[in-house]
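No value in this document is a laboratory result; all are computed from the given coordinates. All figures in this text were calculated on a predicted structure; none of them were measured in a lab. With ideal geometry, Cβ positions are generated from the backbone for all residues, glycine too; neighbour counts draw on all protein chains shown.
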Amino acid sequence: MANLWRSPPGQKPSLRTELLINIAVLAAGALVLAVASALLAPLFGSDWGGALALAALVVADLLIFILFGRYLIARLISRPMDALVDATEAVAAGELTRRAPPADTRELDVLASSVNRMTDRLLDAQGALVRAEKLASVGRLAAGIAHEVGNPLTAIGNYVEVIRRKGADPEVIAAVEREAARIDAIMRSLLAYARPGVSRREPQDLAVIARGAADLLRSQGVLRTVALEVHVDDQVPLVTGDRTALEQVLVNLLLNAVDAAGEGGRIVVSVAPTVLGAGIEASRRLTDQAGRADSEDRDARRSGRHLAGIADGTRAAQVLVADSGPGVPVELTGRIFDPFFTTKDPGRGTGLGLAIVQRVIEDHGGRVDVARAREGGAAFTVTLPPAS
């Protein structure tokens with residue numbers, strides 16, 4: 001049966017209203033049938049046939065009430081609740097990708113959305129736990145390697161100086177020094193990932209940091225082979241953090257984008273406000289027509305994401321770095337932030353850059369995600385909570 005009461009456009013009907021109106025219609029129909037039965041009773045006469053006919057009308061009235069009531073309860077309550085229970089049972093069994101389907105009524109749809117948000121937060125917590133375990137393992141590994149490799153590396157440096165004084169081939173000496181410096185850089189990156197230094201947290205403007213990172217790389221000539229666009233919203237909330245660490249995050253993401261885009265490629269950096277946990281991820285960007293409106297009360301982009309300890313609906317800050325490169329294959333998105341994992345050719349990366357990015361951002365209470373960019377490559381999105 002079609003809904004007898006229509007909600008405003010874009011809004012689902014209330015379960016209470018649906019039940020009240022449908023039950024009222026059913027009761028009215030039953031009353032009409034009862035009145036009709038009373039009026040028709042004299043026509044049946046006083047014999048057994050008339051009594052049976054009247055009883056048949058009463059039974060028909062009850063059957064209609066029961067069958068329609070059963071259909072109504074199944075459509076509005078039982079089936080949505082069964083689907084919700086199935087989803088929660090699947091999540092309890094470890095199927096964390098399962099989601100409760102949307103319901104036809106407002107109250108049950110809100111309940112399904114709440115269950116899905118709970119599942120999303122459970123996934124985030126599970127991911128954070130796995131990363132914490134990896135971090136502890138890498139920390140122990142880094143401490144051991146620093147001790148075991150540091151001393152031989154110092155000795156290698158001393159021996160290089162000795163053979164230089166003895167007139168060894170300068171090209172060979174330069175090659176040994178270059179490789180030793182590479183080992184040292186890997187060690188320092190590993191220690192930086194496992195044991196970040198104590199930083200001073202202050203309110204920071206991500207727009208200023210993003211522009212500073214772009215200017216730094218531009219002055220070094222790193223960006224001369226690509227076309228870089230930086231777009232900044234004027235209503236991005238401040239974040240609490242360490243400026244140097246956050247700038248290093250943007251530098252790492254831009255360097256990765258330059259490598260991925262290649263000569264003649266395109267890189268887009270967008271800094272804009274976002275609303276945490278506001279349903280499905282908004283596909284529009286600051287550069288889109290809807291995002292460039294001058295209205296003071298324009299809505300921020302929906303993030304569809306959650307941050308630990310931050311309520312959904314909070315207005316946060318978001319930085320997008322997208323490139324026109326080959327992108328990250330879907331099957332590798334779950335590993336792209338793992339230490340020592342890299343898609344670059346051998347010798348072109350240590351696989352610690354993105355791991356350090358994620359380490360710094362999570363240390364600031366935020367998160368970093370990767371998806372397919374409309375430019376064709378990868379789109380890294382950094383989401384940070386607002387300064388308190």
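List of remarks:
- Estimated distance in nm for a label pair at residue 143 and residue 82, the labels positioned 7 Å out from Cα along Cα-to-Cβ: 5.6 nm
- For residue 232, the residues whose modelled amide H falls within less than 5 Å of its own, excluding neighbours fewer than 5 places apart on the same chain, are 271.
- Taking the alpha carbon gyration tensor of segment 150-191, multiplying each eigenvalue by 5 and rooting it gives semi-axes of 22, 11, 4 Å, largest first.
- Karplus-derived 3J(HN,Hα) values for segment 222-227, using 6.51 cos²θ - 1.76 cosθ + 1.60 with θ = phi - 60°, are 5, 9, 5, 8, 10, 9 Hz; glycine and proline are entered as x.
- Segment 124-266: C-alpha gyration tensor shape, a/c 1.5 cut-off, then a/b vs b/c: oblate
- In order along segment 92-106, the Karplus-derived 3J(HN,Hα) couplings, from 6.51 cos²θ - 1.76 cosθ + 1.60 at θ = phi - 60°, round to 4, 7, x, 8, 6, 8, 6, 10, 6, x, x, 9, 7, 10, 4 Hz, and Gly and Pro are given as x.
- Placed amide H near residue 375: partners under 5 Å, 5+ positions off or other chain: none
- Taking other C-beta atoms within 10 Å as the exposure proxy, 367, 182 rank 182, 367 from fewest upward.
- Rounded Å value of the spacing that divides the Cα centres of segment 115-158 and segment 350-388: 17 Å
- Between amide H atoms placed 1.01 Å from N, distances below 5 Å from residue 204 occur with 239, 240, 241, all of them 5 or more places distant or on a separate chain.
- Spatial offset of segment 217-274 relative to segment 62-83 amounts to 56 Å, using the alpha carbon center of each.
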